[in-house]
Amino acid sequence: MAGRSTICEIAVGITCALWPAAVAQTAFGETSVVQETPQFHVIELACTGPMCGPMDAPARDVELSAVFRHAISGREIRVWGFWDGDGRGGETGNVFKVRFCPDEPGLWRVVETASNCPELRGSLVGTEIRCRPSDHPGFWVAEGGWYRRSNGSLMYIVGNTHYTFLSRRTSSGALKVTITDDIRRNAEYFKKLRFSLVGGRYVRPDIKPFFDPDGRPSDDGRYSFRPNPRWFHDRADAAVRAGFDSDLICDLILCGPDTVEARSTLEGDPEPWLRYVAARYGSYPNVWFCLCNEWDIKTPHYKAEDVRRFGAILRRYLPYGNPVSIHGAPGPWKKEIEGDWNDHRIIQWKLKTIARAADAAAESRLRPPEKPLVNDENAYEGDGDRFTEADVVEGCFGTFLGGGYPTTGEKYGRKLGQYFWGGFDASKHKAADNLRFLRRYIDEYIDFGRMHPLPLSETPFVGVPDSFRVLGCRGREYVLGSDAAVEVTVRLPSGRWRIVQVDLITMTSEVRYTAAAGTIALQTPPSRAGLLHVRRLNAETTTP
C-alpha cells in the first residue's frame with residue numbers, strides 16, 4: 001500500500017438530499033466542512049488514505065473510526081470506517097469512508113478520527129453535521145416481544161426471502177429486473193427482505209464479492225477479509241439504499257445461505273468481515289443482521305460458542321444497536337446460543353396451520369428473557385414445499401397469533417424460485433397480497449405492542465375449538481384466529497366493545513358490533529384464516 005496525502009471530502013446523498021456545504025476554520029486550524037441532513041438519514045464522509053487494490057486486505061489491515069459528538073447533549077457516537085476502492089465502484093483506490101446516522105437533531109462534530117494508518121488518523125476532525133428534525137421513524141428497537149421504532153411507532157413485519165438476489169442470476173440466466181426495482185416491488189407488499197450479502201448458489205461470472213490472495217475475484221468466503229468494493233458499492237449498497245428509501249428492512253445474511261463458499265465467511269478470523277459489514281451498513285436504520293443461515297446443519301457448520309463469539313464481535317461495531325440474530329435448523333430457538341448479542345430470536349419452521357404456527361412462535365418468544373420472534377421460513381409458496389396460497393396465509397397468520405413475525409417466499413422447486421434469485425412477482429407469489437392485507441389491518445387497527453399469546457381459557461371466547469388461537473391484552477383487546485366457521489360465545493369484560501370480523505383469504509372485513517356489551521354469540525367466517533377483532537371502545541387505537 002503506497003502512502004498518499006490525506007484529503008478530507010464529504011459525500012452526502014446516499015439516503016438524503018444534497019444540501020449546500022459551508023467550509024470554515026476551527027479553533028485548532030482544521031478545515032470544518034458543515035453539512036445539513038435530516039434526522040435518521042445517513043451521511044457519508046470520505047477521506048484519502050493508502051492506495052489499495054485486489055492484492056491488499058485493508059478490511060483486515062486498516063482500522064478506521066470516527067467519533068461524532070453532539071454540541072448540546074454531549075452524546076458521542078463512534079462509527080467505523082471501511083475501504084471503498086475509488087469511491088465509485090472501482091476495485092483499486094485510496095478512498096476510505098465512514099457512514100453516520102444522526103439520531104438527534106442539532107449540531108454534530110467529528111472530535112476524533114482514530115486509525116492505525118497515519119494517513120487517516122485525525123483526517124475528519126472538525127467536520128460538522130447539522131441535523132434537522134424529520135418524520136423518519138428511525139431504527140428498530142426491541143421492546144419485550146415486539147419492535148418499536150426510535151420515534152415510538154409500532155409497525156408489524158411480514159418478510160420475504162431472496163437469498164442470492166444480489167447476483168441477479170437464475171437457473172436459466174440473468175434476471176432482467178434491477179436490484180432497486182426488486183426492492184421497490186417487495187416494499188409494496190412486505191416490510192422486510194432477507195438476503196445474503198454474498199453470491200451463493202447462483203453466482204455471476206463477471207463480478208464477485210471477494211478477492212483471492214492473487215487478486216482474482218472470488219466467491220469463496222474464506223477470503224471475506226478481502227471484500228471487493230465493486231460488489232458492495234454497486235450491489236449491496238444499491239439494495240440497502242433502495243430499502244431505506246422505501247422503509248423496507250434489509251435483513252443481511254452474513255454467512256450462507258447454502259454453498260460451502262458462501263458459508264465460509266466466518267471461518268478463520270471473522271472479525272475483519274464483521275467489522276466491515278458493520279461499518280458499511282450498521283448506520284442504516286433499515287438494516288438487520290443475520291449472522292448465518294442454518295449455522296448448525298450445513299457445511300461448514302458452527303458451534304454454539306462460535307455463534308456467541310461472532311455475535312459479540314459484531315455487536316462491538318454496531319453503534320446504533322441494529323437487530324442481530326442467527327438462523328438455525330428447523331425447530332425451536334436453541335437456548336445455548338442465547339446472549340446479550342441477539343436482540344431477537346429466529347426459528348425456521350414451515351407450518352401451514354394457525355395452531356402449530358402460533359405455538360411454535362410462542363414457545364421460542366416467551367422463554368425468559370422475552371424477545372421478539374421471527375419465523376424466517378414460515379411458509380414458502382409453491383410446489384417446492386407443497387404450500388398453497390391458503391397454506392401460506394394461515395401459517396403466517398398463526399405466527400402473528402403466537403406473538404411473532406412471519407417470513408415467506410416463492411419456491412416452485414428445490415433451490416428454484418424467487419426465494420433464491422429474487423425477481424419478485426406477486427402473480428406467482430399469490431399470498432403476497434393477502435399478507436399485505438393482514439399487515440395493513442394490524443398496523444392500522446391493532447395495538448399489538450401490548451398483546452401476548454393467551455391460553456383460550458383466559459380469554460372471553462367460550463366453546464372455541466382447540467385449533468383456534470388468541471393474541472390479546474387482557475381487558476382491553478383480543479384477536480381470535482379461526483380456521484373454520486364455528487358458533488362462538490363471547491363473554492365481554494366490562495365496558496363497550498367494537499367487534500370486527502376479517503377474512504384474510506377473501507381480504508374482506510365486516511363490523512359486527514359498534515358498542516357491544518355483556519355476552520354475545522358470533523359465528524366465525526368459513527375461512528382457514530378468520531380474524532375476530534374485539535376491542536374496548538376507549539382503547540387507544542384507530543376505529544375501522
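The values are calculated or read from the model by the stated rules, or taken from the named source; none is laboratory data. This structure is a prediction, so every number in the text was calculated from the model and none was measured. When we count neighbours, we look across all protein chains shown, and the Cβ atoms used for this are built from the backbone with ideal geometry, even at glycine.
The table for this structure:
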read-out	value
Filtered residue count, region 211-263, keeping only those that are of a type in the set (Gly, Ala, Ser), part of a helix (DSSP H, G or I) and under 19 Å from residue 83 (Cβ atoms)	3
Matching residues in region 411-449 - criterion: being over 30 Å from residue 533 (Cβ atoms) and under 22 Å from the mean Cα position of the chain (by Cα)	411, 417, 418, 419, 420, 421, 422, 423, 425
Region 410-436, residues that are out of contact with any Lys or Arg (no Cβ under 9 Å at 6 or more places or on another chain) and either under 12 Å from residue 195 (Cβ atoms) or not in a loop (DSSP other than H, G, I, E, B) (or both)	413, 416, 432, 433, 434, 435, 436
Answer from 269, 247 - the residue that is over 26 Å from residue 96 (Cβ atoms), touching a residue at least 40 places away in the same chain (Cβ under 8 Å) and in contact with a helix residue (DSSP H, G or I) (Cβ under 9 Å, 6 or more places away or on another chain)	247
The one condition in (1) assigned to a loop (DSSP other than H, G, I, E, B); (2) modelled with pLDDT of 95 or more; (3) surrounded by fewer than 21 Cβ atoms within 10 Å (Cβ to Cβ) that residue 130 fails to fulfil	(1)
Residues satisfying the stated conditions in region 312-327, i.e. small (Gly, Ala, Ser) and surrounded by 23 or more Cβ atoms within 10 Å (Cβ to Cβ)	325
Residue ID - surrounded by the fewest Cβ atoms within 10 Å (Cβ to Cβ), chosen from residues in region 63-118 that are acidic (Asp, Glu) and under 15 Å from residue 319 (Cα atoms)	76
Hits in region 264-305 - residues which are of a type in the set (Lys, Arg) and part of a loop (DSSP other than H, G, I, E, B)	298, 303
Criterion: surrounded by 22 or more Cβ atoms within 10 Å (Cβ to Cβ) and not in a strand (DSSP E or B) - qualifying residue of 186, 160	186
Number of the condition not met by residue 386 [criteria: (1) surrounded by fewer than 24 Cβ atoms within 10 Å (Cβ to Cβ); (2) in contact (Cβ under 8 Å) with a residue 24 or more places away in the chain]	(2)
Residues located in region 363-382, provided they are buried (at least 22 other Cβ atoms within 10 Å of the Cβ) and acidic (Asp, Glu)	376, 377, 381
Spans of strands (runs of 3 or more DSSP E) in region 1-104 with at least 3 residues at pLDDT 70 or above	31-38, 43-52, 64-70, 76-83, 93-100
Residues of region 208-239 that turn out to be over 22 Å from residue 62 (Cβ atoms) and in contact with a helix residue (DSSP H, G or I) (Cβ under 6 Å, 6 or more places away or on another chain), as a count	3
Residue tally, condition in contact (Cβ under 8 Å) with a residue 12 or more places away in the chain, assigned to a loop (DSSP other than H, G, I, E, B) and not basic (Lys, Arg), over region 353-383	5
Test result for residue 141, under 30 Å from residue 71 (Cβ atoms), free of Cβ contacts under 8 Å to residues at least 60 places away in the same chain and outside any loop (DSSP other than H, G, I, E, B)	no
Residues (within 17 Å of residue 191 (Cα to Cα), assigned to a helix (DSSP H, G or I) and in contact with a helix residue (DSSP H, G or I) (Cβ under 6 Å, 6 or more places away or on another chain)) located in region 399-409	399
Residue ID - modelled with the lowest pLDDT, chosen from residues in region 277-302 that are surrounded by fewer than 24 Cβ atoms within 10 Å (Cβ to Cβ) and among the hydroxyl-bearing types (Ser, Thr, Tyr)	299
Test: residue in region 330-345 that is within 13 Å of residue 291 (Cβ to Cβ), touching a Cys at 6+ places or on another chain (Cβ under 8 Å) and buried (at least 18 other Cβ atoms within 10 Å of the Cβ)	no
Strands (runs of 3 or more DSSP E) wholly inside region 481-540 containing at least 2 residues that are among the small types (Gly, Ala, Ser) and surrounded by 13 or more Cβ atoms within 10 Å (Cβ to Cβ)	508-516
